[in-house]
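Below: the structure, in C-alpha cells.
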Amino acid sequence: MIWQALTLQLGYNATLVALGATLLGIAAGVTGSFLFLRKRALVSDAVSHATLPGIGLAFIVMVAMGGDGRFLPGLLLGAALSSGLGLLLIAWMMRRTRLSEDAAIGAVLSVFFGAGIVLLTVIQSMNAGRQAGLDTVLLGSTAGMLQSDALVIAAGGAVVLLLVLLLRRPMLVVGFDPDYAAVSGTNVGRIDLAMMGLVMAVTVLGITTVGLILIVALLIIPPVTARLWTDHALRMVALAGVVGGLSAYVGAAVSATAPALPTGPIIVLASFVLFALSMILAPARGGLALIRRQMRFRRRVHRRQGLLALAVGQTIHEPFTLALLRREGLARADGVPTDAGRAAAAKALLDEARWAALRADPAHGLSASRYDALTRIETVLTPDQIAELDRHLPRPRGVS
Amino acid sequence: MGAEFVALSLPPLLIGILAAVTCALPGNFLLLRRQALIGDAISHVVLPGIVIAFLLTGTIATLPMLLGAAGAALLAVVLIEGVRRTARIEAGAAMGVVFTSLFAAGVLLLEQSDTSGVHLDVEHALYGNLESLIWLDATGWASLVDPVALAGLPSELPRMALALLIVCLALWLMWRPLAIATFDEGFAATLGLPVRAIGLGLVMLAALAAVAAFDAVGSIIVIAMFICPPASARMMTDRLGAQVGWSVAFAILSAVLGYVAAGYGPLWLGFENSVSAAGMIATVSGLILGVTMLAGPRRHPAGLARKG
C-alpha cells in the first residue's frame, strides 16, 4: 500500500494531491532558506498562527453572503489578510516600542490564534450548515481535497518559486549583511517585505495540506538540514528545496494510505528524519564528523606529548599514548623508543625549542600567537626564518 | 449572582486567574532575557509528553500527565541546546526544528492510539476546557465554607494554586541573583553566580507553570500569558518590581474580562452560545497590550527620546 502510494498508483486524485504537496514543499524549503539566513526563522510561526482569525472571518463572511464557507480561494484570501496584518504589527512593535522581536512574535502569535479560536467557536454555534472542514486547517488533511484545491496549491507553489528565483540575489545580500546591502543601494525594508510576503504565501498555501500549526516546520527544518551539508548559500537553498519537496511528497503519499494518518505531522516527521540523519552524517557539522575530529585531535596531543616524553627519557605510563606510538613503530611495547621514534622525538624537541625561542622574541608576536603545542613550526615560518631562529638556539642534544 | 455563579462561573474564573498569574510571573524574566518564545516551544512539546504518559498508564490521571509533560519539556530544552551547538545555528531555528517535530510526533501518536474513551484530543490541548471546570456540589455562596461541598471543587483549582505558590516561592528565593543574571549576565558571572543554572532554573519554572496551566486552560492561554501581560507591564515602568506587579494586575484583568466576555458577551449581543474562554482571554490580553503600546508611559524604544 505504501509502495503504491509512493509510486503514485492510488488514483488520479491522490497523485494530483501528492504532486501539489511536493511543489509546496519545494517552495517552502527554498523560501525558508532565506528566512533562516536572515535569522528570522520563527517569524514564520507568528505568520502561520495569525492566519486563523482571517480564515474564520472569511468563512463567516462567505456564509453570511449565502455561499459555501469552505471555498478555498476565499479562505486563503482571508488567511493572507490577517497574517499580513500580523506581520505589519510585528514590524510596528519592533520599531515603535521597546519590545524585542521574540516578544513581538509571541504576542502576535498567541493573540491572533486566541482570536481565531474564538471565531472557530462562533462558527461551531452558527446554524449555517456543517462546520466540519474548518478543523482541518489546524493540522491539515489531504483526504477529501478537491482537484481544484490541489491545482491552486500547485500553481501558487510555482509562482512562489518563480519569484524566489527573481529575488534570490538581493535576498541573499540582505540575509548575509543588511548594512552592506543598504550601503550598496538595496532597499532592505522592501526586500524584507518581499521575503515576508513569500513566507506568507507559502504559509497560506500550506494551511490545507500541512495545517497552520505545523507549516512552520516545513519552512524551518529543510533549510537547517541543508545548512548542515554545505557552506555555499545557493546550494543550500536548492538542497532545502529538495528536502522540503521530498518530505512533503512522502508525507502526502503515506497519509493517503490510511485515514488515521494526518498529513501535516507525517510531512513534518519525514523532514525530521532527514534532519536527524544529517545531524549524524553530515560532513564538517555532523555528529560523526565531530567525533572523528575530536579523536584526531586527541591522537595528535597524545603523540606529541609521548614524543616529548621520549625525548627527555621519561617512561610513558599512559596506555593510549604507548599504543599510539607502538602502532606507528616509534616505540616498543616496553616503552623504549625505536630508531624512528628517536628521530621523531628529536624533531619534536627541536620544534618545541624553536617555538620557545619564537615566543620569547616580541618581533614574532603574530606568529607566536599560533602556538598550541601541536602546530609544526614549518607551517608558520619560512625555511629562512627557521634558519635564523636556529642560529640563536643552544646546540640540540641527541636523544639516547 | 447567586448559586449559579458560584457553581458554574466562580471555579473556572478562579482557575483562569491562577493560570494567568502563574504564567505571567516567570514570563517577566523570559521577556527581559529575550527568551519569550521558550514558552511557545514548551507549550507545544507538552502534548507528546501527556500522550506518552497516557499510553503508558492508560489513564488520564494527573500525576503521570504532569510527569510526562515535565519530561517532554526537559527533553525539548536539552534537544534545542544540543541542536543549536552541534549544528551551530541560531537558537530560534533550533527551537523551530525541535518543537514542531515533537508536536507532530504527539499529534501522530494521538491519532494512532485509541483515545475515544477519554477526553484527550488536539483541540483540548490547544484551548483547554475552562468552561467545563464547574463545581457541581455548590449550592450558593455558603458552600465556600462548607467542607463537604469544598471537597467537590474541580481538582484543577488546588493544583493551580499549588503551582502558583511554588512559582512565587521560587521567584522570591531566586529574586536577586535572577534579576542580576537577567540584566547583566557577564556581571553576574564575575560575582560568582551560577548563571547557567539560574537560566535553566528559570526555564524549568516556566515549564512547571506551562504544564500546570496547560491541563486546565490549554496551551493558547499559556503562550499569551507568558508574553502579553509582561510586555504590557514593560510599557508602564522601568522598575523590575513594579513590572512584575503590573504584569500580575494585567494577567488578572485579562482572565476576568476574557472569561466574562466569552461567557456573557455573546448573550448580550443576542447570540445563544458562548465562545471559547481561553481564546477570549488571550484576545483580551492582546487588547490590553495594544492599549499600553499606544499610551503606556514607558513604551518608547531605548534609543528614542521620550517626548511625553
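The values are calculated or read from the model by the stated rules, or taken from the named source; none is laboratory data. If you're wondering where the values come from, they're calculated on a predicted model, not measured in any experiment. Glycine also receives a Cβ, built like all others from the backbone with ideal geometry; neighbour counts cover every protein chain displayed.
Out of the range A:252-266, which residues are at the interface with chain B (Cβ under 8 Å from one of its Cβ atoms), in contact (Cβ under 8 Å) with a residue 60 or more places away in the chain and within 21 Å of A:A240 (Cα to Cα)?
A:G264, A:P265
Go through the residues of the range A:32-40 one by one and say whether even a single one is under 21 Å from A:T225 (Cβ atoms) and in contact with a Ser or Thr (Cβ under 8 Å, 6 or more places away or on another chain).
Among the residues of the range A:32-40, at least one is under 21 Å from A:T225 (Cβ atoms) and in contact with a Ser or Thr (Cβ under 8 Å, 6 or more places away or on another chain), which makes the answer yes.
Considering every residue within the range B:6-22, establish whether at least one is over 20 Å from the mean Cα position of the chain (by Cα), among the small types (G, A, S) and surrounded by 21 or more Cβ atoms within 10 Å (Cβ to Cβ).
no
Please work out if A:V204 is away from chain B (no Cβ under 13 Å), under 17 Å from A:G140 (Cβ atoms) and either within 20 Å of the chain's Cα centre (by Cα) or buried (at least 24 other Cβ atoms within 10 Å of the Cβ) (or both).
Judged against the criteria, A:V204 is a match.
Which of the residues belonging to the range B:73-82 are over 17 Å from A:V268 (Cα atoms) and surrounded by 17 or more Cβ atoms within 10 Å (Cβ to Cβ)?
B:A73, B:L74, B:V77
Select from the range A:124-159 the residues that are under 27 Å from B:A282 (Cα atoms), surrounded by fewer than 19 Cβ atoms within 10 Å (Cβ to Cβ) and at pLDDT 75 or above and list them in ascending order.
A:Q124, A:S125
Check B:A53, B:A19 and return the single one that is in a helix (DSSP H, G or I), small (G, A, S) and modelled with pLDDT of 90 or more.
Answer to the selection: B:A19.
Report every pair of residues separated by at least 6 positions or lying on different chains whose Cβ atoms are under 6 Å apart, first residue within the range B:273-298 and facing another protein chain (nearest Cβ under 7 Å), second part of a loop (DSSP other than H, G, I, E, B) and among the aliphatic types (A, V, I, L, M).
Partner pairs satisfying both residue conditions: B:M293/B:M235.
If you check A:A103, A:A80, which single one turns out to be under 19 Å from B:M236 (Cα atoms) and either in contact with a helix residue (DSSP H, G or I) (Cβ under 6 Å, 6 or more places away or on another chain) or buried (at least 20 other Cβ atoms within 10 Å of the Cβ) (or both)?
Testing whether each residue is under 19 Å from B:M236 (Cα atoms) and either in contact with a helix residue (DSSP H, G or I) (Cβ under 6 Å, 6 or more places away or on another chain) or buried (at least 20 other Cβ atoms within 10 Å of the Cβ) (or both) leaves just A:A103.
Listed residues B:V222, B:V260, B:V244, B:V256; which is at the interface with chain A (Cβ under 10 Å from one of its Cβ atoms) and either of a type in the set (A, V, I, L, M, F, W, C) or not in a helix (DSSP H, G or I) (or both)?
B:V222
Could you pull out the residue among A:L23, A:L35 that is outside any loop (DSSP other than H, G, I, E, B), touching a residue at least 24 places away in the same chain (Cβ under 8 Å), in contact with a helix residue (DSSP H, G or I) (Cβ under 8 Å, 6 or more places away or on another chain) and closer than 22 Å to B:A93 by Cα?
A:L35
Of everything in the range B:242-261, what is among the small types (G, A, S) and touching a residue at least 24 places away in the same chain (Cβ under 8 Å)? Give them in sequence order.
B:S247, B:A251, B:S254, B:A255, B:G258
Quick one: in the range A:268-285, of everything that is within 8 Å of chain B (Cβ to nearest Cβ) and either within 16 Å of A:T230 (Cα to Cα) or exposed (fewer than 14 other Cβ atoms within 10 Å of the Cβ) (or both), which residue is modelled with the lowest pLDDT?
Among residues in the range A:268-285 that are within 8 Å of chain B (Cβ to nearest Cβ) and either within 16 Å of A:T230 (Cα to Cα) or exposed (fewer than 14 other Cβ atoms within 10 Å of the Cβ) (or both), the one modelled with the lowest pLDDT is A:R285.
Working only within the range B:180-207, note down all residues that are within 23 Å of B:M225 (Cα to Cα), surrounded by 17 or more Cβ atoms within 10 Å (Cβ to Cβ) and either modelled with pLDDT of 95 or more or over 19 Å from the mean Cα position of the chain (by Cα) (or both).
Within the range B:180-207, B:A181, B:T182, B:I198 meet the criteria.
Is it fair to say A:G86 is on the phi > 0 side of the Ramachandran plot and either under 25 Å from the mean Cα position of the chain (by Cα) or within 8 Å of another protein chain (Cβ to nearest Cβ) (or both)?
no
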